[in-house]
Ligand SMILES: *Cc1c(COP(=O)(O)O)cnc(C)c1O
């Protein structure tokens, strides 16, 4: 018997630990991993002697004893305090979790390490992904690591340095006139034609398990407590949904006492389907027309995980805000002046936090974690 099974995030569908699973065959929405047995609080002691990478949380990951992960040392990223901003915004703590320090320059390393570990163990012949950029870099690197051929579809607007990294790691790169949704259609067609396994966001259940380690690691770094608020730059939503799942599993295991963190989503005003759905009280996200933003990772007009994201935001008492591209690039430069190599998406969390302080979504004295999801150097200088 395997350690986990799969169940639909939306309908009643359930299945075992099927190999190379895609979305729910009944309703087309994402499948999620359910563990037969989560560790008990005593299981925490086993962490002490483990290496500092995301695989230290093996009890919460889709890997069996004796299986070897495809790894480049992903995870174990630092929390960097920004004291000046704490004072200015009257917050007890502001930490930036600096995901730019991952092997491929973004937190996409975590999700791809988990998905490609499973795909390679489960016999995928080759791999394909549509990307706004960083997922393509991660796919190429982890594919190279385990010797599987990779195909990447990216918009022509993707920053040139990101495209260079995708090529460096040896993926077959094809540029598409359009956004990530258009790349998704091309990836699907390629997958049907060649048998390549499609690791698109939430079209297979394991990237989210890797992203979950964002939350597991954060809790451990804070002494198995959670901050009051997390501000997350949202595209496809795997990070947000992954952390939500992580905190739920940690609470069920007794590794954290209470699970009270508010999850907040930040998007660009040029592509803001999540804030729009939140303000309309909708339970699904509708497609954003003509998405435009320099924060490539946020240019996801119709995320498959929309329903799940809205639930995560509402059930935790969080919110969603949209910020102008001019504000997010200004805050990207602000983080740079503090020594943090922030992507535009990372800058968006500072801009978002300012909004949230003004709106009351984040109150005086809170402890807040911002996610710098990727490295600034990967985006072309103006
Ligand atoms: C992919 C990406 C995002 C969006 O991530 P999701 O978890 O899918 O919402 C944000 N920032 C950067 C730098 C990214 O590459």
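Scanning the range 64-73 for residues that are in contact (Cβ under 8 Å) with a residue 60 or more places away in the chain and surrounded by 14 or more Cβ atoms within 10 Å (Cβ to Cβ) yields a total of 3. A single entry from 131, 77 fulfils the requirement of being in contact with a helix residue (DSSP H, G or I) (Cβ under 8 Å, 6 or more places away or on another chain), more than 24 Å from residue 218 (Cα to Cα), within 16 Å of the ligand (Cβ to nearest atom) and touching a residue at least 24 places away in the same chain (Cβ under 8 Å): 131. Scanning the range 269-303 for residues that are within 14 Å of the ligand (Cβ to nearest atom), in contact with a helix residue (DSSP H, G or I) (Cβ under 8 Å, 6 or more places away or on another chain) and in a helix (DSSP H, G or I) yields 273, 274, 296, 297, 298.
Considering only residues of the range 225-236 that are within 19 Å of residue 98 (Cα to Cα) and outside any strand (DSSP E or B), which is farthest from the ligand (Cβ to nearest atom)? Filtering first and then ranking leaves 225. What residue, among those in the range 237-264 that are part of a loop (DSSP other than H, G, I, E, B) and more than 12 Å from the ligand (Cβ to nearest atom), is nearest to residue 131 (Cα to Cα)? Among them, the one singled out is 261. Restricted to the range 83-158, the set of strands (runs of 3 or more DSSP E) holding at least 2 residues that are buried (at least 24 other Cβ atoms within 10 Å of the Cβ) and not assigned by TED's automatic domain parsing to the domain that holds residue 183 comprises 93-98. The residues on offer are 354, 311, and the sole one that is in a helix (DSSP H, G or I) and away from the ligand (no atom under 16 Å from the Cβ) is 354.
The values are calculated or read from the model by the stated rules, or taken from the named source; none is laboratory data. Everything quoted here is computed from the prediction, not taken from an experiment. Methodologically, a virtual Cβ is constructed for each residue, glycine included, from the backbone with ideal geometry; neighbour enumeration extends over all protein chains shown.
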